[in-house]
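Every number here is computed from the coordinates shown, using simple stated rules; none is lab data. This structure is a prediction, so every number in the text was calculated from the model and none was measured. Please note: Cβ atoms are built from the backbone with ideal geometry, for glycine as well, and neighbour counts cover all protein chains shown.
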């Protein structure tokens with residue numbers, strides 16, 4: 001088993017939609033970025049790449065490359081999954097925490113989990129999304145942006161064509 005950690009932060013702006021985990025959330029401010037600026041997908045992508053020592057999101061999808069302008073970040077996650085397959089790695093679990101004062105993300109959590117699971121072709125039970133505020137502290141607390149931290153666990157040296165495990169008994173391998 002290998003573990004990777006990811007982090008992403010984007011500035012809030014009135015000119016863009018707010019997209020997290022592939023869900024467009026009604027809010028007067030959205031995230032500024034070269035792609036759709038989905039910080040949740042970006043942090044998870046970085047964590048997955050880190051787990052297999054494959055650099056970071058910017059190395060694979062540079063913001064200087066016009067191909068990635070307005071890219072859908074769920075599609076970037078699917079590409080990262082394909083890279084993991086090529087490296088004989090299988091996604092076991094992803095866990096993320098969104099740091100944002102607003103909006104409340106609880107009503108969107110299950111849709112985010114479902115989108116992420118679909119893009120990564122793993123069970124929704126293997127995707128955790130949490131949210132917390134910063135109690136008004138710092139730039140994020142003043143609502144200047146939204147940040148996400150993520151951790152990913154992958155298994156290497158396996159037939160990676162199999163999606164991540166569903167819930168199974170310890171010591172067994174389940175395929176969805």
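Quick check on segment 122-137. Is at least one of its residues closer than 21 Å to residue 46 by Cα and part of a loop (DSSP other than H, G, I, E, B)? Yes, that holds for at least one residue. If you check 90, 113, 11 for being in contact (Cβ under 8 Å) with a residue 60 or more places away in the chain, outside any helix (DSSP H, G or I) and touching a helix residue (DSSP H, G or I) at 6+ places or on another chain (Cβ under 8 Å), only one passes: 90. Checked against (1) assigned to a helix (DSSP H, G or I); (2) more than 12 Å from the chain's Cα centre (by Cα), residue 44 meets all criteria but (2). Scanning segment 144-158 for residues being more than 15 Å from residue 120 (Cβ to Cβ) and either buried (at least 18 other Cβ atoms within 10 Å of the Cβ) or touching a strand residue (DSSP E or B) at 6+ places or on another chain (Cβ under 6 Å) (or both) gives a total of 7.
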